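Take a look at the structure set out below.
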């Protein structure tokens, strides 16, 4: 399927509007033929023939035709613009829906700036093609055909002399098209890189200022900006190479008409009025030839825009979002059976290997390990952000793959390591996973997350609008709001990924005490670096390089005097005798 067939899927709902527009284009082309013909009649019959009584009627008809043409052309331009806007509206909706369907693997390998370029610049190039290029191409083709027919009827020898130039124009147009397409692909990719760099810099502006790297970032931007400029200059060089030839050949038509047409008038083969009418139709040949270069550029820009959009829409998610009904709420039992995992682009590196454990409802699983040991990846398998490449994850005794993915995730709440808050009110952020929840319940869960006190002190309380990504809030405040958001969802399985790393020990103790009460009927997974965060867990997993090297309760792992014991010693600074006494 080529790009034109592909975009027709989005244009097709507007086909009735397009049909009316096409009829108007044909009417416009027919009306264009009237005035040059009447100009010829004016020369032959009024000026040279002396039929002065025809002057006023001819002028009135010419004025009327011009007014009608103006209205008709305005109408079909509006119809095409409306079609273009509707097309891009549907396309953006399809793209955004696709983004919601794509899984973590796609976002791991695609830059935000590149996605934004597809949603903005690329879609606008498609809108321009549908709204403007399409009707100009149809106009030019219609005008050219009409002109060839009428001008051949007036004087076929003169028309034949003009047509002799067109093969050269066709050759230069094809050469320009061939060289323009890769240039526009390069421009599109350069724009995506520039967009990504700017988006990253804006998102990390605090880091840039903290490390006084403004000059470095400006230089980096200048490099990307210079690359984008050069890519556009290369495209302009193609236009510079071919457009003068196309304009030159188009202009040569007027010279041919004056020279050869004048000879035919002197020779008596055609009248002066015929020459005037013929010359009046000349622009209908001239304009398409002049426009061909510009239209070729716009067509290639459209093709370049389609490449990335079609690539995204054609990406198949590894985990399909199904809407199958689920009979009942998930209970919450979780079991890992010899689970292994590697990312699709690096199958030789096992991120997780041979992981086996089980957790019942009401139990808490603590997960410890160095950075990069696979802790977050492990809990991501529970919510099926990824599927294991070996073994299986069982929920309530059934493979997680057997559950409808949306229904599965409705029963799981995650407080992720990278806390993200939307530019919305605190209340709406907390209620994100359960938008119909009662405001009293929101406050209760915020209190459980030790967030109610600082939220209440804000000028507008829970109605306070937080900045983008929660800017203006401290790390600890964002973590507590994020925890409240997970609790409001009232899930069967609660996953806390380093949730209290940015809060003080006293606050962490308060939160743990509240969680103990709230999670009695939930299966809870806690990823942490502090022993204090997981000490009371029913099961603690000690991970190292993708493997569980130790597992058991706090007392059992301390008694082993292994890896967990080493971390315990370092964090609490206890001697062997004190530890034994504490146990």
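The values are calculated or read from the model by the stated rules, or taken from the named source; none is laboratory data. These figures come from a predicted structure and were not determined experimentally. A quick note on method: Cβ atoms are made from the backbone with ideal geometry, for glycine too, and the neighbour counts reach across all protein chains shown.
Could you grab me the full set of residues in the range 1-22 that are closer than 30 Å to residue 277 by Cβ and crowded, with 20+ Cβ neighbours inside 10 Å? Working first, answer last.
Going through the range 1-22, the residues closer than 30 Å to residue 277 by Cβ turn out to be 21-22.
21 - this is the single residue of the range 1-22 that is closer than 30 Å to residue 277 by Cβ and crowded, with 20+ Cβ neighbours inside 10 Å.
Scan the range 172-183 and tell me whether some residue there is in contact with a helix residue (DSSP H, G or I) (Cβ under 6 Å, 6 or more places away or on another chain) and either under 17 Å from residue 113 (Cβ atoms) or not in a helix (DSSP H, G or I) (or both). For the range 172-183, residues in contact with a helix residue (DSSP H, G or I) (Cβ under 6 Å, 6 or more places away or on another chain) and either under 17 Å from residue 113 (Cβ atoms) or not in a helix (DSSP H, G or I) (or both): absent.
Output the helices (runs of 4 or more DSSP H) that fall wholly within the range 369-445 and possess 1 or more residues being loosely packed, with under 15 Cβ neighbours inside 10 Å, or say none. Can you show your working first?
Details: elements: 375-382, 405-410, 426-430.
Because the criterion is at least 1 residues that are loosely packed, with under 15 Cβ neighbours inside 10 Å, the helices (runs of 4 or more DSSP H) in the range 369-445 that meet it are 405-410.
Apart from one condition, residue 79 fits all of (1) crowded, with 20+ Cβ neighbours inside 10 Å; (2) more than 30 Å from residue 289 (Cα to Cα); the exception is (2). Among the residues of the range 534-557, those that are at pLDDT 90 or above and assigned to a helix (DSSP H, G or I) comprise 554, 555, 556, 557. Filtering the range 262-286 to residues that are in contact (Cβ under 8 Å) with a residue 24 or more places away in the chain, farther than 12 Å from residue 151 by Cα and either within 56 Å of the chain's Cα centre (by Cα) or part of a helix (DSSP H, G or I) (or both) leaves 264, 272, 273, 286.
Would a scan of the range 51-68 turn up a residue that is assigned to a loop (DSSP other than H, G, I, E, B), at pLDDT below 90 and more than 30 Å from residue 194 (Cβ to Cβ)? Spell out the reasoning first.
Filtering the range 51-68 for residues assigned to a loop (DSSP other than H, G, I, E, B) gives 51.
Going one step further and asking which of them are at pLDDT below 90, we end up with 51.
Add one more test, that the residue is more than 30 Å from residue 194 (Cβ to Cβ), and what stays is 51.
Yes, the conditions are met somewhere in the range 51-68.
For the range 314-328, the candidate set comprises residues that are loosely packed, with under 13 Cβ neighbours inside 10 Å and at pLDDT 80 or above; within that set, the residue that is farthest from residue 539 (Cα to Cα) is 314. Against the condition more than 27 Å from residue 330 (Cβ to Cβ), without any contact (Cβ under 8 Å) to a residue 24 or more places away in the chain and under 35 Å from the mean Cα position of the chain (by Cα), how does residue 466 come out, does it pass? No: the conditions fail for residue 466.
The residues of the range 23-57 that are within 17 Å of residue 80 (Cα to Cα) and surrounded by fewer than 17 Cβ atoms within 10 Å (Cβ to Cβ), listed by number, are 23, 26, 27. Just one of (1) surrounded by 14 or more Cβ atoms within 10 Å (Cβ to Cβ); (2) over 30 Å from residue 5 (Cα atoms); (3) over 29 Å from the mean Cα position of the chain (by Cα) fails for residue 221. It is (3).
Here the condition is being modelled with pLDDT of 85 or more and either part of a loop (DSSP other than H, G, I, E, B) or under 22 Å from residue 382 (Cβ atoms) (or both); of 500, 524, it holds for 524 alone. Of everything listed in (1) in contact with a helix residue (DSSP H, G or I) (Cβ under 7 Å, 6 or more places away or on another chain); (2) outside any helix (DSSP H, G or I), the single unmet condition for residue 212 is (1). Per the conditions (1) exposed (fewer than 15 other Cβ atoms within 10 Å of the Cβ); (2) under 19 Å from residue 510 (Cβ atoms); (3) without any contact (Cβ under 8 Å) to a residue 24 or more places away in the chain, the sole criterion not satisfied by residue 452 is (1).
Would you point out the residue of the range 378-409, among those that are without any contact (Cβ under 8 Å) to a residue 40 or more places away in the chain and out of contact with any strand residue (DSSP E or B) (no Cβ under 6 Å at 6 or more places or on another chain), that is nearest to residue 357 (Cα to Cα)? Quick ask: steps written out before the conclusion?
To start, the set of residues in the range 378-409 that are without any contact (Cβ under 8 Å) to a residue 40 or more places away in the chain comprises 398-402, 409.
Filter once more, so that each one left must be out of contact with any strand residue (DSSP E or B) (no Cβ under 6 Å at 6 or more places or on another chain): 398, 401-402, 409.
Details: 398: 15, 401: 18, 402: 20, 409: 21 Å.
Top of the filtered list is 398.
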